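See below for the structure under consideration.
The values are calculated or read from the model by the stated rules, or taken from the named source; none is laboratory data. Keep in mind the model is a prediction, meaning the values are calculated, not measured. We place every Cβ from the backbone using ideal geometry, glycine too, and count neighbours over all the protein chains shown.
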Amino acid sequence: MTVNNGETQPLRGVASDGAIESTPWYKKISKSNLVMGAVVVAVLLFYFLSGSPSPSAANHGGKIPIEEPPLPPVPPEAYDGIMYRPFCIHHADDSGRTVRLVQTSMQNPSQQWSSLPCYHESQRSKIWNSQPQDETDTFGAPDAKLDVKLDTHAFPQRETPILGFGGAFTEAAALNFHSLDKTGQEAVLELLFGESGLGYAQGRVHMNSCDFSIKSYSFDDVEDDFTLKHFDTAVEHDVESGMIDLALRATSKLKAWSSDDGMDGVLRLYASPWSPPAWMKQPTWQDHPGATHADDMLGSAQPTCIKDGTGPDSPYAKAWALYFSKFLTAYENLGLPFFGVTPQNEPEFPAPWEACSHTPLTESEFIGYHLGPQLKKDHPDVKILGFDHNKDHIVAWVDELLGDTSGDYVSGTAYHWYAGGNNRILDGALGAPNMHRLQEHINGDPKHFLINIESCHCPYTGYGGGDIDVYWARAERYAHTILSDLAAGSNGWMEWNFILDSQGGPNHLGNLCDTSLLAVPHRAKNAPEDFPPLMEWEHTNASARFGANVGDGRTLPELNALGFPAKYLELGVVVQPIYFYMGHISRYIRPGSRAVMGLVDQADSDDGTLTFRPKGQTVAGGGINDLAQPDVEITVWPCEGSTRQSFRWDAVSKQLQVYGHDWLGAPTTSCVSNYPHESLMGLVLVQCDKKHGAATLDVVKYDNYTNFVVTNGKEKNDCFTIAALGNQGGAYGPRGGAQISLGSCTSDAAKFDYDEETSEIRSSFYADETGSNEVCVTTGWPFLQMGAFDTPNGEAQKTVVILNEARSEANYAVKDDGKLLVTGSIGPRTIQTLLID
């Protein structure tokens, strides 16, 4: 029998000797299970017979008169009989609000964006007649508190709201889009830009070729053509490759349904170069002897690729700035005006594909002396976004770019989500505290905005790899990083290619990557039997690196059950779980939205139970910790009782150790570092040896607290301390991811409570007079997360997104400014969107 997770299960029990068990199922049910089942049935009967919950009222806003039946109250012991809340309940008040719930879950991967009832509980009638309305924690597992302030904007000083979500109109995306027939193309446009799809409202275009082109190209290869007399003003390559057609059709699709308020309904385009033409570049050691310029567009000299540098007198820097202007004009003449440009994609990386290195100084000079004045003259409405690389160095770059040389020309900052190393599992996992630091740097300019301009998983595709744990984890990382970035003040988030082929190309350097949609025209219902699985422009032999394409070897029913809808496969389109997780955010948080205050807080319980550690249990719950990886940041969050908050002190090695597994199930052991990471500015996980900087610790216990004293750090006998987040922690507040660093052992920030039985390290640093607001030391971030938004252009006025990365279910109670609004539960590896009107 095939179940939703793709595993094959026997229809009947199998004994240890391999024989089929003959014992009937009803004889194997224990007395305790029968009692539990009876309790569940009784509670559900009381629930519905009470007449209180009304999905009609919740979903349509109507106030349906309800007569309370004369039923006895449900006995209190019944509440503990059910571990998790069986329903979403909207606890109504006089505001007239309604609540809807949308869900996608790995527990039922073929049911995406499912609409679930959120039952209405009126003031005049109570479901649990013996309980006060605001009673929580009435089930076996306690309620995580989702504390929100739906009317309190997290960044009131910022002028720019959220500008939307999107991806890139690469040559690879255009080729794959046009490999589909007309029906498939229309489906892709609706999926990406339509009202029933993601509603993408931002797009990026590579100026000249990038790695996701089939070969290098530029629009002026005439050497020393400083006036660009030979520039191809028709940008024929981008027309012939289909890039222009795809962008124009996307624009039309978005305009056809979005609100016409000047904010929503506008496709904002950004141009980014990977490399200037070769004649503008300095030669490198790889070029032929005696070369006066680079042989091609691949790679880069350092500190900058620009021939003769970026000073005010460089003719090549001046010509390169003019090149920007001509490219913008060419696209505008074709009906595609640009909203912004970045001076250089990934300026810190002299990549093996098209590249051009910069330092903060050389990029500042290029903007201040050349690009800024050129665009001010020719395209004064086009914004310049600096940097365009990873979060680890974002603060240092913005410091320089907002300085005297270029500051007057820089309107925003673009960044990427990559970790920058060989462990691609860390992409999207690092640098959140740096985003909060950045907000403090730009608070003097309320117009400055931030865009995550490129994100993707590499290598290969979820469809091709075929492991549901991996491709679901990739979807979860998308959602986590988007919510984290928006909570830190980002104004938008873009993935990389809009659509690729089944193996993640074409890419002329073989840098295969994943994305939301994949073109598989050979699987279309009307495709000829001899249609090849890869197009003629795909030259990368992925099977030599990754083995056979698993997705191509599965049937449509199998793929449908595993989260790839068959109705789109029959059109030649793979819609991956990444897509649906993205949609839980982009469909509802439309341009013009703003983040509001919200944090998943510790459950209110007097017996020490937590969200993932129920009553009577000391072992951390939530499933495996897939963040037990070197370079993951050590932070503090409200306690949830999960493996991400479990630290074992080894008395022999005197190391603080974390255990887990990676996405492929390989076990991992990491230790806390002995000094803050140079770029991430806090302690991180490292390999458990001196070579990699693992801390040796003395755990010193006093009457009321514990110090973690680092004995092998750069400073003698420093202690673990909580380092406050910049910008007060943004939408999550100060307890939402503050880092662990090193400092004085006498500081209140260095006082912890280490419970060796539960392996939790707690702190009361943020505690109020009641003792609330405890935090626990965490690897990365908790399993249970959320984001809350004011969404005036969305389907509802307010939107709350809840993400559960755990392998366990969780109860929750949403409280708006302290008042109970919604109670419910979220399944393992599930995302929910609450739509509140």
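Scanning the range 141-163 for residues that are among the small types (G, A, S) and assigned to a loop (DSSP other than H, G, I, E, B) yields A141, A154.
Out of I624, I578, I need the residue that is buried (at least 24 other Cβ atoms within 10 Å of the Cβ), within 30 Å of G464 (Cα to Cα) and touching a Lys or Arg at 6+ places or on another chain (Cβ under 9 Å). Which one? Break it down stepwise before answering.
Numbers: I624 fails: buried (at least 24 other Cβ atoms within 10 Å of the Cβ).
Criteria check complete, one pass: I578.
Looking across the range 637-686 at every residue that is touching a residue at least 60 places away in the same chain (Cβ under 8 Å) and among the acidic types (D, E), the one that is nearest to Y766 (Cα to Cα) is identified as E640.
Just need a number here: residues in the range 127-152 that are surrounded by fewer than 19 Cβ atoms within 10 Å (Cβ to Cβ), modelled with pLDDT of 50 or more, farther than 25 Å from R613 by Cα and not polar (S, T, N, Q). Residues meeting the conditions: 2.
Within the range 434-478, restricting attention to residues that are assigned to a loop (DSSP other than H, G, I, E, B) and among the small types (G, A, S), which residue is nearest to M786 (Cα to Cα)?
So the first thing to find is which residues in the range 434-478 are assigned to a loop (DSSP other than H, G, I, E, B), and the list is 443-448, 455-461, 466-467.
Remaining after also requiring among the small types (G, A, S): 444, 455, 466.
On the way: G444: 28, S455: 20, G466: 28 Å.
The selected residue is S455.
I'm trying to understand the selection: among the residues of the range 664-684, which are assigned to a loop (DSSP other than H, G, I, E, B) and either buried (at least 19 other Cβ atoms within 10 Å of the Cβ) or modelled with pLDDT of 95 or more (or both)?
Of the range 664-684, the ones assigned to a loop (DSSP other than H, G, I, E, B) are 664-666, 674-683.
Hits for the range 664-684 are N674, Y675, P676, H677, E678, S679, L680, M681, G682, L683.
Of all residues in the range 299-308, one or more are under 14 Å from T362 (Cα atoms) and part of a strand (DSSP E or B).
Filter the range 86-107 for residues that are surrounded by fewer than 17 Cβ atoms within 10 Å (Cβ to Cβ) and polar (S, T, N, Q); which is farthest from A566 (Cα to Cα)?
Step one: filter the range 86-107 for residues surrounded by fewer than 17 Cβ atoms within 10 Å (Cβ to Cβ), giving 86, 93-96, 107.
Among the residues that remain, those that are also polar (S, T, N, Q) are: 95, 107.
Numbers: S95: 42, Q107: 18 Å.
Once the filter is applied, the top-ranked residue is S95.
Checking each residue in the range 514-538 for being part of a loop (DSSP other than H, G, I, E, B), out of contact with any His (no Cβ under 6 Å at 6 or more places or on another chain) and touching a residue at least 60 places away in the same chain (Cβ under 8 Å) picks out T515, S516, A524, N526, M535, W537. Of the strands (runs of 3 or more DSSP E) lying entirely inside the range 707-773, the ones with 2 or more residues being surrounded by 21 or more Cβ atoms within 10 Å (Cβ to Cβ) are found at 718-723, 738-743, 760-763. Just a yes or no: is a residue in the range 559-578 of a type in the set (S, T, N, Q) and assigned to a loop (DSSP other than H, G, I, E, B)? Looking through the range 559-578, at least one residue is of a type in the set (S, T, N, Q) and assigned to a loop (DSSP other than H, G, I, E, B). Evaluated against (1) at pLDDT 95 or above; (2) within 23 Å of the chain's Cα centre (by Cα), L571 falls short on exactly one condition, (2).
Suppose the filter is more than 30 Å from T160 (Cβ to Cβ) and buried (at least 22 other Cβ atoms within 10 Å of the Cβ); does G242 pass it? Criteria not met by G242.
When V266 is tested against (1) part of a loop (DSSP other than H, G, I, E, B); (2) crowded, with 21+ Cβ neighbours inside 10 Å, only condition (2) is not met. Somewhere in the range 256-271, is a residue under 28 Å from D313 (Cα atoms) and either modelled with pLDDT of 95 or more or acidic (D, E) (or both)? Yes, the conditions are met somewhere in the range 256-271.
Just checking, does the range 791-800 include any residue being touching an Asp or Glu at 6+ places or on another chain (Cβ under 9 Å), aliphatic (A, V, I, L, M) and under 19 Å from A603 (Cα atoms)? No; the residues of the range 791-800 include none that is touching an Asp or Glu at 6+ places or on another chain (Cβ under 9 Å), aliphatic (A, V, I, L, M) and under 19 Å from A603 (Cα atoms).
Out of everything in the range 643-660 that is among the small types (G, A, S) and farther than 21 Å from E633 by Cβ, what residue ends up being surrounded by the fewest Cβ atoms within 10 Å (Cβ to Cβ)?
As a first pass, look at the range 643-660 and keep what is among the small types (G, A, S): 646, 651, 653, 660.
Now drop any that are not farther than 21 Å from E633 by Cβ, which leaves 651, 653.
Values: A651: 9, S653: 14.
In this case the residue turns out to be A651.
The numbered conditions (1) surrounded by fewer than 17 Cβ atoms within 10 Å (Cβ to Cβ); (2) more than 24 Å from G743 (Cβ to Cβ) are all true for K690 except (2).
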